[in-house]
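Notes for the one structure printed next.
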Amino acid sequence: MQAASNASKMIYLLRLGDSALVLSQRISELCGKGPALEEDLALANTALDLLGQARLWLSYAGEIEGDGRDEDALAFLRSDREFHNLLIVEQLNGNYAGTIMRQFLFDAWHTLALAQLTQSSDPRICEIAQKSQKEVTYHLRRSSDLIVRMGDGTEVSHALTQAALDQLWPFTGEMFTGDAIDEEMTAAGVGFDPAQLKQTWQTYIDQVFTVATLQLPRQDAWMQKGGKQGVHSEHLSYLLAEMQVLHRAHPGAKW
Amino acid sequence: MVTERASPNRPSIDELWSWLAEVPDPEIPVVSVVDLGIVRDIAWSSQDAETAIITVTPTYSGCPATDVIGQMIQEELLKRGVKRVHLRVQLSPAWTTQWLTDKARQKLQEYGIAPPTEETAAEGDALSGSLVTLGQGAHTPSLACPRCGSTNNEMISRFGSTPCKSLHRCLDCLEPFDHFKCH
């Protein structure tokens, strides 16, 4: 088995941490604005779980890098091209169907990805994955239930949920497309081949969509890519501007 | 391991445990950080006989109480005369509600939070890491309403006022109540 280089491992960890961090920030935008009190609480709690996970991944990424950057430096002092999150998590909240559909598509992938990482040859990655997995399984329960309620709800909720699925679909391909870093991590036993998750993921979401009376989009649809390599949609810069402004204006500020 | 003889004046490990058993959880103050299973280990440092090493495991990765809990543990021990306290955060094995003591479960119920039950624990174990079965958990027969004791209830929301709780409603007395969800 080939040992993984630290530079590649750091990017690999950033991909995991950045996806959790950016989604956490996106959902946090709705804090205090949820459509119902229970939903507001659920969004805030999900964001909090993801933020905690991001902190664990990013602090490990900083240690692997070895340049003295901690999780705050990585979260608040990198620009958009240095973020390695999946494109789907930076997409706008849209209406509530969009928010929940994005969550659902990501949660199903996230659950499978973390299950793979609990088998990692890197004990620290195993630990973080085990901890996160419990939380994310719970996120998936909630988003799956909501997809059924909205898809199989009123005519309006059905139409909005289907539209959200169609709109987000091109961002799902990237979750299953590997590159040289994925290959290196898989060869070293640290990570996994993302293409292997595709079939299980699709079977699962299709089951949920069937109950939700939603139509799975075309399999040969064109797919977006680039987030994992640092090439993002315009949405990420605005998100980072809001997330980072305080830290950049007052470096090291503490409550 | 440093033996107790190395520093006869320092408190025993048992004493440290009993002191921490009085540090309340900041969000659910009826239970202590020991009852919750957050404190995993207490030892004296092998390098420095007067440094107590407290190993803690956070409940949820993003639990905002984690930092406060660490501070409260330090303050309590320093106040009792421990010279130095080192907090060690341990992620693995991941915290589980199975670590809640029986005393903690009883206190939660009396406080108005239905504690985890064998039924919800088994469900949580079966689900962790796997894809889910839809439509589960609407009615949880093993949960007793903390107000009237009825087990006739429904889930209102998978998340309650904190990440560690879900929200339910008793269908007999109609009171909503929190459940310390299984994890």
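Couple of notes before you dig in:
- Stretching the chain fully between residue B:101 and residue B:88 yields a gain of 2.5 nm (0.36 nm per residue, less the alpha carbon separation).
- Taking only the alpha carbons of segment B:13-98, we obtain Rg and Dmax values of 12.2, 36 Å in that order.
- Choice from B:109, B:47, B:98 with maximal GNM fluctuation in chain B (Cα, 10 Å cutoff): B:47
- When the Cα gyration tensor is reduced to axis lengths a ≥ b ≥ c, the ratio a/c is 1.5 or higher for the protein assembly as shown, and with a/b not above b/c it is classed as oblate.
- Cα centroid separation, segment A:35-85 to segment A:126-149: 17 Å.
- Residue A:216 versus residue B:22: modelled label distance in nm, points set 7 Å from Cα along the beta carbon direction: 6.1
- Exposed loop sites here mean GluC sites (Glu not before Pro) with a DSSP loop assignment and at most 16 other beta-carbon atoms within 10 Å; chain A contains its longest site-free run at A:30-233.
- Remark on segment A:120-169: accessible area falls by at least 20 square angstrom from chain-alone to full-complex state for A:127, A:130, A:131, A:133, A:134, A:135, A:137, A:138, A:140, A:141, A:142, A:145, probe 1.4 angstrom.
- Spin-label pair residue A:247-residue B:119: with each label point 7 Å from Cα along the Cα-Cβ axis, the two points sit 4.4 nm from one another.
- Subset of A:33/A:225; A:9/A:198; A:131/B:165 violating a 19 Å alpha-carbon distance limit: A:33/A:225; A:9/A:198
- Counting 0.36 nm for each residue step from residue A:163 to residue A:82 and taking away their Cα separation leaves a gain of 26.0 nm.
- Mean-square fluctuations from a GNM of chain B, with a 10 angstrom spring cutoff on Cα atoms, peak among B:26, B:64, B:93 at B:93.
- Once the C-beta distance of residue B:78 and residue A:149 is scaled by a Förster radius of 51 Å, the resulting FRET efficiency is 0.50 to the nearest 0.05.
- Beta bridge orientation in chain B: antiparallel %, DSSP, nearest 5: 65
- Paramagnetic label reach from residue A:180 (point 7 Å along Cα→Cβ; backbone nitrogen cut-off under 16 Å): within segment A:2-20, residues A:4-12.
The values are calculated or read from the model by the stated rules, or taken from the named source; none is laboratory data. Here the structure is a predicted model, which means the values were calculated and not measured. Heads up, the Cβs are rebuilt from the backbone with ideal geometry, glycines too, and the neighbour counts pull from every protein chain shown. Each accessible area value is taken on the protein alone, full model and side chains, heavy atoms only, with ligands, DNA and RNA left out. Shrake-Rupley method; radii C 1.70, N 1.55, O 1.52, S 1.80 Å.
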